Amino acid sequence: MCGIVGFVGKGDRNTLQAMTSTLSHRGPDDEGLFIEPPVYFGHRRLSIIDLSSGHQPMQSIDGSLTIVFNGEIYNFKELRNELASAYKFQTKSDTEVILAGYQKWGIEVLKKLEGMFAFALWDNQKKQLLLARDRFGEKPLYYTEQKDIFAFTSELKALEKYSGIQRNIDQSSLVQYLQYGQVPSPNTIFQGIKKLEPAEYLIYKNGIIEQKKYFELVFRPEEKISFVEAKNRIEELGKSAVQKMLVADVPVGVCLSGGIDSSLVAYWAKQSQPDLHTFSIGFSEKSFDESSYARMVAKIIGSQHHEKIVSAKDVLEIVPKIGEITDEPFSDASILPTYLLTKFAREHVKVVLGGDGGDEVFGGYPTMLVEKYWGLIKPSLSIASPFIKIFQKLLPASGGYLSLDFKLKKLMLGRGLSPIERHQAWLGSQSDSNLKKMTGYQSLVSGQSGDSWEQLFKYYFKSYLADQVLTKVDRVSMANSLEMRAPFLDRELVEYVANLPLNYKLRGWTTKYILRSIAQKYFPSRITKRPKQGFAVPLGQWFRKELKDFAGNALTDLKQTGWFNSAAIDQIWNDHQKGKVDNRMEIWNLVALELWRKRWN
């Protein structure tokens, strides 16, 4: 895993060096620069495969191609064997396989790469720059064209070091952040700076930008596949994905929550890695603590388990770092425990596997179940609405994980909205009502027309998985110089499950039905039947106690910017403090914005 940066146009070595150095946390093991004006490439390396060579930036044998690459290509050995007759390899790295593949297949090489990646490749013969990103968005890539420069980078902070690049806040992106909790791609918080989208490539030549998709996930349920056949094939693909992602020249562990996804990943990993190490963290606040489940799974599979219980004090120590870590405003609060987990795991290993992607692939979110029965739920909500409002006023806001008051509040937001808008309201941070009070803007959610499950799954893959879950995982793991891999995002596995009937994923009131059925072979019902639990922290309670002063001061500072209606922010804060409603997500959304603002001024 690495950090990449570069530009085509006016510049100098000192600027490139400064930009590259900002990404040292992504690659503490090595640094390299390539300078042949007008092309400037920088690279920071976290050595995982081919530790003795594989230095970047890397050139093809004839010197016509130069690449900086971030990620892992899991099928690089197979591709290497296919290319060996036409290319004389100098290293054992997956990076060189991309160079050889590009020489033979051109842009079609992207369709052959299996893995997570973002890379920039300069073709000196064609005088063009190619940027590319993996299918599901595991690795980030920012770019901008301003004046006499086209620049790219793994993280926005590197662009600060180039004095000619403007960073002016985009107002519409700021409003979208309030709704989504992040800035949806391809936009960023800054005008003129973009994110390359998943499964997309960009060619920059003679000042002209061309962008295209090289992969599109299709959802076409195949009714002929029997449930038993599907179970067997999923397990086969799951095991294969885990085995591919265990390949490394350094120790590999598993981040284990005790949920279905990470438990299966750990079980499959243990089959081929007897000395497997697993890692988990827990909380003293019981409704948020999953450590007992992780402990149980570790005992069943016989892994060497490492566990750490964290407190509000531990979280408070890292909260000020959030603006530095995320680069853009980002308010998924699970970034806090994920940071602590990756930091803990890095004390023992350099690479970990996780269960990310399982919910998006197999339909694991409670919101998907609600959608399934929305036709029945919606009329009931309309009838019961007056009573629910009275009940909400009488019911104290508990602040517990997915408490009743929190669920009712979210459920009521879905009335009168299209499917995509409804799910964004459930998953997002600020309601349309809050948004209008704070900014005067209406919702900027751009939902697709129609209400098919294909569109809904695509929405979760792009908006929630790529822009939120994988962004979080990349930033915190890289902040701790740890590589995190996601077996459930293996392309072959994802495509297979995408074409299974919906009732294999959602059956009755059960999410991830087929995956739970597989897990029943190895784990007790306490594991396989437990409901979905996100990686959350008890912010609701902490905002009234341990984090009250910190959060209150942050909101005071944010109000001084004049960006928002101060009275609306005060109402969100005061209603939470009085216990009228659980506004933890809304408050953290604003606090995280202020933490970012202070970092980026």
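Some points to look at:
- Farthest toward positive dipole pole in the chain [+1 Lys/Arg, -1 Asp/Glu at C-beta], among 74, 101, 181: 181
- Quotient of C-alpha Rg and 2.2 N^0.38 Å, computed over the stretch 519-600: 1.50
- Note on the stretch 426-529: with charges restricted to the Cβ of Lys and Arg (+1) and Asp and Glu (-1), its dipole about the Cα centre is near 480 debye.
- The shape of the stretch 35-103 can be summarised by an equivalent ellipsoid whose semi-axes, obtained from the alpha carbon gyration tensor, come to 19, 16, 9 Å from longest to shortest.
- Carbon and sulfur %, accessible surface of the chain computed with the full protein complex present, 1.4 Å: 50 percent
- Distance violations [Cα-Cα > 18 Å] among 111/472; 224/244; 231/521; 212/462: 111/472; 224/244
- The label point for residue 227 and the one for residue 12, both projected 7 Å from the Cα toward the Cβ, are 7.0 nm apart.
- Theoretical gain in end-to-end length, residue 578 to residue 78 [0.36 nm per residue, Cα-Cα removed]: 173.9 nm
- Taking only the C-alpha atoms of the chain, Rg followed by Dmax gives 23.8, 75 Å.
- Take every DSSP beta bridge whose two residues both sit in the chain; close to 80 percent of them are antiparallel.
- The convex hull defined by the C-alpha atoms of the stretch 89-135 has an orientation-averaged projected area of 3.5 nm².
- Put simply, when 289-300, 517-528, 218-229 are sorted by average Cβ atoms within 10 angstrom per residue, most first, you get 289-300, 517-528, 218-229.
- Structure-based [θ]222 nm, the chain - -39500 (n - 2.57) summed over DSSP H runs of at least 4, per residue, nearest 500: -12000 deg cm²/dmol
- Note on the stretch 86-181: with charges restricted to the Cβ of Lys and Arg (+1) and Asp and Glu (-1), its dipole about the Cα centre is near 260 debye.
- For the pair residue 247 and residue 550, the difference between a 0.36 nm per residue extended length and the Cα-Cα distance amounts to 104.7 nm.
- Using alpha carbons only, the radius of gyration of the stretch 165-261 set against its Kirkwood radius gives Rg/Rh = 1.11.
- Compactness of the stretch 1-116, expressed as Rg and Dmax over alpha-carbon positions, Å: 14.1, 40
- Shape of the stretch 112-225, Cα gyration tensor, a/c cut at 1.5: oblate
- Rough spin-label spacing in nm, given labels placed 7 Å along Cα→Cβ, for residue 90 and residue 433: 6.4 nm
- Each label point was placed 7 Å from the Cα along the Cα-to-Cβ direction; for residue 172 and residue 35 their separation is 3.9 nm.
- Stretch gain in nm, segment residue 570-residue 272, where the contour uses 0.36 nm per residue and the Cα spacing is subtracted: 101.8 nm
- Mean accessible surface per residue for the chain, computed with a 1.4 Å probe while every protein chain stays in place, in Å²: 38 Å²
- Long pairs among 545/578; 92/213; 139/321; 286/308; 88/112, criterion Cα-Cα beyond 18 Å: 92/213; 139/321; 88/112
- Among the listed pairs 126/194; 350/458; 10/161, a Cα-Cα separation exceeding 21 Å is found for 126/194; 350/458.
- Taking the square roots of five times each eigenvalue of the Cα gyration tensor of the stretch 228-326, the equivalent ellipsoid has semi-axes of 29, 17, 14 Å, listed largest first.
- Taking θ as phi - 60° and the Karplus parameters 6.51, -1.76 and 1.60, the scalar couplings of the stretch 342-358 work out to 5, 5, 5, 5, 5, 5, 10, 9, 10, 9, 9, 9, x, x, 4, x, x Hz in sequence order, x denoting glycine and proline.
The values are calculated or read from the model by the stated rules, or taken from the named source; none is laboratory data. If you're wondering where the values come from, they're calculated on a predicted model, not measured in any experiment. No Cβ is skipped: glycine too gets one built from the backbone with ideal geometry, and neighbour counts run over all protein chains shown. What goes into the accessible areas is simple: the full protein's heavy atoms, side chains included, and nothing from ligands, DNA or RNA. Shrake-Rupley method; radii C 1.70, N 1.55, O 1.52, S 1.80 Å.
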